[in-house]
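Everything below concerns the one structure shown next.
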Amino acid sequence: MQLLCEKSDNYDTREKTGRLNPLNDFVFKQYMGTEECKVCLLSFLNAVLYGTTLEEKITQVEIMKNLELSKKTPEGKFSRLDVRASLQNGTQINIEVQLLRDGDMVLRSQYYNGRMFVSGINSGDEYDSLNKVISINILDYDLHDYPEFHISSHFRIDQYPDRLLSESQEIHFIELKKFLRGTRFDRNNALHRWLKFFDRNLREDELKELIQM
């Protein structure tokens, strides 16, 4: 991960040998969830959200240390997030990586999103104090039948699907294999570059070029 956080001039191709899977849980957290590599988190969030969800690029982000969604009751379900961050406006973001097929991935993401949402209010607070939450799921398998490798979901009005009922909760699904299999790589597209980087079979020269960019 040192290679990704440092300037491209320091890249040494000899260190590429035996590259670890960039979507490995531990490895991913090292370059997306640490202060030393915060530039990577900023870059990825802008690649996913800028121009669609966000009209302005993210320039500052706080990496949250508390990754646990604690149980509300002794019988409740305990959950731990992969990478959790907060924007200046209070928006909470959760980034999850899933390597193996999970048939309940949609429900799981809704659960995480909902738990993050309700964690933003305390007894006596007004409901307008609730901040927006965004979940970004990076999947190393095909989940949906849609041809797009990146889809997002919001609360929409059934009778007027072009209108949002609320912007407070948002979920993204990014299917890596679908991108690698059927999308023509655009080096000028920031999200394309990140998904290319996630490919553990990336050639050494391609990896070096991506880091330089």
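The values are calculated or read from the model by the stated rules, or taken from the named source; none is laboratory data. Being a predicted model, the structure only gives us computed values, none of them experimental. Backbone-built Cβ (ideal geometry, glycine too); neighbour counts: all protein chains shown. These area figures cover heavy atoms from the full protein model, side chains too; ligands, DNA and RNA do not enter into them. Shrake-Rupley method; radii C 1.70, N 1.55, O 1.52, S 1.80 Å.
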Margin query: I'd like to verify a number: residues in region 40-62 that are surrounded by fewer than 16 Cβ atoms within 10 Å (Cβ to Cβ) and in contact with an Asp or Glu (Cβ under 8 Å, 6 or more places away or on another chain), how many?
Written below: 1
Margin query: Going residue by residue through region 113-123, is there one that turns out to be touching a Leu at 6+ places or on another chain (Cβ under 7 Å), under 26 Å from PHE197 (Cα atoms) and either at pLDDT 95 or above or not in a helix (DSSP H, G or I) (or both)?
Written below: no
Checklist line | Flag for ASP142 being surrounded by fewer than 15 Cβ atoms within 10 Å (Cβ to Cβ) and touching a helix residue (DSSP H, G or I) at 6+ places or on another chain (Cβ under 8 Å) | finding: yes
Next item on the list: Of the numbered conditions (1) free of Cβ contacts under 8 Å to residues at least 60 places away in the same chain; (2) part of a helix (DSSP H, G or I), ASP186 fails exactly one; give the number of that condition.
Entry: (2)
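Quick one: which residue in PHE149, PHE179, PHE197, PHE173 is touching a Gly at 6+ places or on another chain (Cβ under 8 Å) and open to solvent by less than 70 Å² (accessible area, probe 1.4 Å)? Full working, then the answer.
Working: PHE179 fails: touching a Gly at 6+ places or on another chain (Cβ under 8 Å); PHE197 fails: touching a Gly at 6+ places or on another chain (Cβ under 8 Å); PHE173 fails: touching a Gly at 6+ places or on another chain (Cβ under 8 Å).
Just a single option satisfies the conditions, and that option is PHE149.
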Item checked: Condition broken by GLU167, with the remaining ones in (1) assigned to a strand (DSSP E or B); (2) open to solvent by 70 Å² or more (accessible area, probe 1.4 Å); (3) modelled with pLDDT of 95 or more satisfied -> (3)
Next item on the list: Could you please tell me which pairs satisfy a Cβ distance under 7 Å, a separation of 6+ or placement on different chains, a first residue in region 127-148 that is assigned to a loop (DSSP other than H, G, I, E, B), and a second residue that is open to solvent by less than 50 Å² (accessible area, probe 1.4 Å) and among the aliphatic types (A, V, I, L, M)?
Entry: LEU130/ILE121; ASP140/LEU23; ASP140/LEU176; LEU143/MET105; HIS144/ILE151
